[in-house]
Amino acid sequence: MGELTVPEGGFWPAPEVPQPNIYPMEWRVETEKLAAIYQKSKTTLWNPADLPWDGLRPEDFTREQRLGIMYWFSVLANFDASGPAVFARATIQAFEKHEEDPVRKCFFSITRDEMNHEECCQRTIARLWPGGPLDWTPADDLERAAHNNIGWLYHNGGRYWTGYTAAVSKYSLPVLFTSFMMGEMAASTLFRGMASGTGHPVFGEMFRRIGRDESRHLQICMTILEKEWPGLTDEVKSLITRQLRAGFVFLSMILWEPPEGFWELPPYFLPNHRVLMDKARDAGLGVLSYEEQAENWRQAMARIRAIVERWGIAFPAIPELDLDGVAVDAIDPEDIIPVF
Ligand SMILES: [Fe+2]
Ligand SMILES: [Fe+2]
């Protein structure tokens, strides 16, 4: 063995790592509760491949019902299936900004869960409408309408993605996480509603499991926010107010119906969307009625309002749901952060 070398005059200090950077490595724990949630996320992990897929048989549905189900999952995928990429990027961001270790690990666990939710969209569509969402040739007007609507939907998803990639490094944790919190609140509301609405064993089990994950994501967001919200500046607070409105505008597409103002859609999109949603409803997917959706969404928004107002954050006006609040300027794609 060689001998230890101690330089004359002492060891040379390594150059400081320019930040943001994932180095130097460290595992700082400030919030034990987050560390505990992360541990629990590992033991409650489930495998979408283990759902009773044999019970999802194309022949149990009419062609229009299958189209409706594929359409609904394609719409869901605009939100839920963007989760892995969104949270993977947020995870890298958390490493680069040296957030405490449980924050990084919780982001990672959300990424993992969202990959499962994406797989549910993928598997359902593959069983009922091979080639879906877009790699198939429509044979009649209903199918052409579905194919075209999905194309327009993903056009809007693409606009938000470009904005998000720029926004994620721009926004601080409280802003980012208020938006995520809203997405998780929306998601847990949606899946709870659908789990009780569907009579189908595969969808019932899928929605229950996804709903449980989304509740855990919501818990992660709330734990982070309880730490981050105290002491926000007025500037950040008003940014959050705007984010809440953006979240409503974006998430309404899957929770209810898209409001005016953000979505770039052809005039026939909404009437055709309604027809296709009715097909999914008719197939027993558990899609709630327009009024039930509005009521669920209103309750979820009211819950968010109660939470943020506790921290002195103004809630935006949501005239679409008869919720009053602060007026917010038109929403741009760069404002859109929330996902499931
Ligand atoms: Fe989620
Ligand atoms: Fe999800």
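The values are calculated or read from the model by the stated rules, or taken from the named source; none is laboratory data. Just so you know, these numbers come straight off a predicted model, no measurement behind them. Ideal geometry is used to build each Cβ from the backbone, glycine not excepted, and the neighbour counts take in all protein chains shown.
Right, GLU291: closer than 20 Å to MET253 by Cβ and touching a helix residue (DSSP H, G or I) at 6+ places or on another chain (Cβ under 8 Å) or not? In short, no. The residue that is surrounded by the fewest Cβ atoms within 10 Å (Cβ to Cβ), among those in the range 60-82 that are among the acidic types (Asp, Glu) and touching a residue at least 12 places away in the same chain (Cβ under 8 Å), is GLU64. Here LEU265 meets the list (1) surrounded by fewer than 16 Cβ atoms within 10 Å (Cβ to Cβ); (2) at pLDDT 95 or above almost entirely, failing just condition (1).
Being assigned to a helix (DSSP H, G or I), more than 16 Å from ligand 2 (Cβ to nearest atom) and among the polar types (S, T, N, Q) narrows it down to one residue among SER179, SER238, SER188; which is it? Only one candidate qualifies: SER238. Checking each residue in the range 181-212 for being over 17 Å from ARG298 (Cβ atoms), free of Cβ contacts under 8 Å to residues at least 60 places away in the same chain and surrounded by fewer than 23 Cβ atoms within 10 Å (Cβ to Cβ) picks out ARG208, GLY211.
For ALA300, the conditions (1) outside any loop (DSSP other than H, G, I, E, B); (2) in contact (Cβ under 8 Å) with a residue 12 or more places away in the chain; (3) more than 16 Å from ligand 1 (Cβ to nearest atom) are fulfilled apart from (3). Contact annotation: residue pairs with Cβ atoms under 7 Å, 6 or more positions apart or on different chains, pairing a residue in the range 107-119 that is under 15 Å from ILE92 (Cβ atoms) with a partner that is away from ligand 2 (no atom under 11 Å from the Cβ) and of a type outside the set (Ser, Thr, Tyr), are PHE107/ALA90; PHE107/ALA94; ILE110/ILE220; THR111/ALA88.
Filter the range 241-270 for residues that are among the aromatic types (Phe, Trp, Tyr), in a helix (DSSP H, G or I) and under 19 Å from the mean Cα position of the chain (by Cα) and give the result. Scanning the range 241-270 gives PHE248, PHE250.
Conditions tested, residue by residue: (1) within 16 Å of ligand 1 (Cβ to nearest atom); (2) under 21 Å from GLY183 (Cβ atoms); (3) in contact with an Asp or Glu (Cβ under 9 Å, 6 or more places away or on another chain).
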position: ILE110; (1), (2), (3): yes, yes, yes
position: GLU114; (1), (2), (3): yes, yes, yes
position: GLU118; (1), (2), (3): yes, yes, yes
position: GLN122; (1), (2), (3): no, yes, no
position: LEU128; (1), (2), (3): no, no, no
position: ASP135; (1), (2), (3): no, no, no
position: ALA139; (1), (2), (3): no, no, no
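Taking the conditions (1) surrounded by fewer than 19 Cβ atoms within 10 Å (Cβ to Cβ); (2) assigned to a loop (DSSP other than H, G, I, E, B) in turn, GLU291 satisfies each one other than (2).
Listed here are the helices (runs of 4 or more DSSP H) enclosed by the range 19-122 that have at least 2 residues being under 30 Å from ASN272 (Cα atoms) and of a type in the set (A, V, I, L, M): 63-79, 83-96. Determine, yes or no, whether LEU255 is within 16 Å of ligand 2 (Cβ to nearest atom), within 23 Å of ILE150 (Cα to Cα), of a type in the set (A, V, I, L, M) and in contact with a Ser or Thr (Cβ under 8 Å, 6 or more places away or on another chain). It is true that LEU255 is within 16 Å of ligand 2 (Cβ to nearest atom), within 23 Å of ILE150 (Cα to Cα), of a type in the set (A, V, I, L, M) and in contact with a Ser or Thr (Cβ under 8 Å, 6 or more places away or on another chain).
Annotation note: of LYS42, LYS97, LYS105, the sole residue that is over 29 Å from LEU142 (Cβ atoms), surrounded by fewer than 20 Cβ atoms within 10 Å (Cβ to Cβ) and at pLDDT 95 or above is LYS42.
Residue by residue, here is whether (1) at pLDDT below 85; (2) not small (Gly, Ala, Ser) holds:
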residue: ARG159; (1), (2): no, yes
residue: THR162; (1), (2): yes, yes
residue: ALA166; (1), (2): yes, no
residue: LYS170; (1), (2): yes, yes
residue: PHE177; (1), (2): no, yes
residue: GLY183; (1), (2): no, no
residue: THR189; (1), (2): no, yes
residue: ARG192; (1), (2): no, yes
residue: ALA195; (1), (2): no, no
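SER215 - would you say it is assigned to a helix (DSSP H, G or I), within 16 Å of ligand 2 (Cβ to nearest atom) and surrounded by fewer than 19 Cβ atoms within 10 Å (Cβ to Cβ)? It is true that SER215 is assigned to a helix (DSSP H, G or I), within 16 Å of ligand 2 (Cβ to nearest atom) and surrounded by fewer than 19 Cβ atoms within 10 Å (Cβ to Cβ). Could you go through the range 223-234 and let me know if any residue there is within 16 Å of ligand 2 (Cβ to nearest atom), under 30 Å from THR44 (Cα atoms) and assigned to a helix (DSSP H, G or I). Within the range 223-234, not a single residue is within 16 Å of ligand 2 (Cβ to nearest atom), under 30 Å from THR44 (Cα atoms) and assigned to a helix (DSSP H, G or I).
Scanning the range 160-170 for residues that are under 21 Å from PRO20 (Cβ atoms) and either of a type in the set (Lys, Arg) or surrounded by 20 or more Cβ atoms within 10 Å (Cβ to Cβ) (or both) gives TYR164, LYS170.
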